[in-house]
1. Looking at the calculated P(r) for region 220-324, what percent of the C-alpha pair distances fall above 22 Å?
2. Relative to the longest principal axis of the chain, what angle (0 to 90°, nearest 10) does the C-alpha long axis of helix 171-180 take?
3. If I take every Cα pair under 8 Å that is 6 or more residues apart in region 347-508, average their sequence separation and divide by the length, what percent do I get for the relative contact order?
4. If you average 1/r across every pair of different Cα atoms in region 408-490 and take the reciprocal, what Kirkwood value do you get, in Å?
5. Let me check I have the definition right: for region 2-194, take the eigenvalues of the Cα gyration tensor, multiply each by 5, take square roots. What are those semi-axes in whole Å, largest first?
6. Given the convex hull of the Cα atoms of the chain, what is a quarter of its surface area in nm²?
7. Quick one: if the Förster radius is 30 Å, what FRET efficiency do residue 302 and residue 409 give, using the C-beta to C-beta distance and rounding to 0.05?
8. At 1.4 Å probe size, with the rest of the protein present, what percent of the exposed accessible area of region 347-508 is carbon and sulfur atoms?
Amino acid sequence: EVLGEDKLKELLKLGKEISIYWGTATTGKPHVAYFVPMSKLADFLKAGCKVTILLADLHGYLDNMKAPWELLAYRTQYYEAIIKAMLKAIKVPIEKLSFVRGTDYQLSREYTLDVYRLTSLVTEHDAKKAGAEVVKQVESPLLSGLLYPGLQALDEEYLKVNCQFGGVDQRKIFTFAEKYLPQLGYAKRIHLMNPMVPGLTGTKMSSSEADTKIDLLDGPGAVKKKLKKAFCEPGNIKNNGVLSFVKYVLLPLKSTEEFMVERDEANGGSITFPSYATLEQAFANEELHPADLKAAVLRELNIFMDPIRAKFEEPEMKKLTRLAYPPPEKKKGKGSNPQAEPEEIIPSRLDLRVGKIISAEMHPDADSLYLEKIDIGEEEPRTVISGLAGTVPLEEMRDRMVVMLCNLKPQKMRGIESQAMVMCACIEDPKQIEPLSPPEGSSPGERIFVEGYEGKEPDEELKPKKKVFEKIQVDLKTSQDCVAMWKDSPLKTKLGFVKSASLKGAAIC
């Protein structure tokens, strides 16, 4: 899709140089769908355009801190290195390209003043609407995410380009720029958009969703495993990520429109499709089996990915990858020496999340237990049994936001399996219990962390025999301000502190 096509044709008639920029926020590792914009950048270069790649490091931080500040520089170096490796893999001469980092100019006095000027014009509604397809959406968005579209609009002026290029998911930001840049006295730019490649699950491919993407550094075995699980229903050509790879990634990168599928003679033998349309039709008619299509996609993907993998096997690139994406802390495995490797008892091992109670009723077989369905941001709500009957009225449990411990081993309570635990402030004498409350505006599934222990992965499951929760629980309590604490550090989300309604100095259980 093109916005401003007439203006583009006018510039070409006048013999004007066409300058284009494509930006990418330096967040999660780039995946194979990045080949789509890379192939278009190659087309622009062949057409004589001046092309700039913006490594939008500041944008990555503003989008709900997907790129932590301390990792920004390393993430930016990683993106530049892997994009160059991709372009070399598809034989694009990178000498014709220029790379720019957002923080090279977005922290300048002039740019900052323009950001303030823009904030005096843009409504919250317009900012949220513009970023709806790009910025992670939450019930109470951070101000940083609302700034994101305005900064992207200003980039067009500060990079001095005629056009901005991006995916169709950027369309609302592009129309936002067309509306507001002229109000600052700047020219309206041309906008060029490529289609988005569906991920392996049929939804948008995302750097932050491992199940939807194939990482550029995934080995052949990992790619084969992911493709094997990919959604590719026989005859179904809608939201088919495997077919989309062929249409939007593989064929544009090949020198021919032909696509060969190798098959055993028993299955009809190998066949070459002269175009994507004939391939799609054969699949729709179930003349082409999903397994044969996947095998052909695997073969072609590996051709393009092999030189990238080889580049990142170099010691310098391996080091950069570790710095940009530090590996999670290793969990203690079987056979480890407990004296040589003492188990670390830290609160980040708890998988604490915001939950919303969808329903609450009495347990059918126990007068002291409640049976609840609680949304914690997963596909299905979890079933939870809570021993709160007689202390917390049932009507107070319904439709309330709570704090959930999600990685205890599920256990049956009077015949029904409980899959998580509602965290409460508790006083024994006289007995009082209050469910902890997350900050106002929290959404189901949001992570709750202990200040000073951010960014560490919780245990997949807390082993009952090791008593990890019990050891951490000893130091869980509420402060004199009713704030939930672990030792001297508060429990919080990005929106604020976890609290009890009124219980001070209470244990948390």
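The values are calculated or read from the model by the stated rules, or taken from the named source; none is laboratory data. Since we're looking at a predicted model, the values are computed, not measured. Cβ placement follows ideal geometry from the backbone for every residue including glycine, while neighbour counts extend to all protein chains displayed. We work out accessible area using only protein heavy atoms, side chains counted, and drop any ligands, DNA or RNA first. Shrake-Rupley method; radii C 1.70, N 1.55, O 1.52, S 1.80 Å.
1. On the way: 1988 of 5460 pairs.
Value for region 220-324 (Cα pairs over 22 Å): 36 percent.
2. Helix 171-180 sits roughly 80 degrees off the main axis of the chain.
3. On the way: 385 pairs, mean separation 40.1, N = 162.
Result for region 347-508 is 25 percent.
4. Working: mean 1/r = 0.0665 Å⁻¹.
Radius from the Kirkwood sum: 15.0 Å.
5. Working: eigenvalues 123, 96, 43 Å².
Result for region 2-194: semi-axes of 25, 22, 15 Å.
6. Values: hull surface 122.8 nm².
Its average projected convex-hull area is 30.7 nm².
7. On the way: r = 40 Å, r/R0 = 1.34.
With a Förster radius of 30 Å, E is 0.15.
8. Values: 3810 of 8280 Å².
Carbon-and-sulfur percentage of accessible area, whole number: 46.
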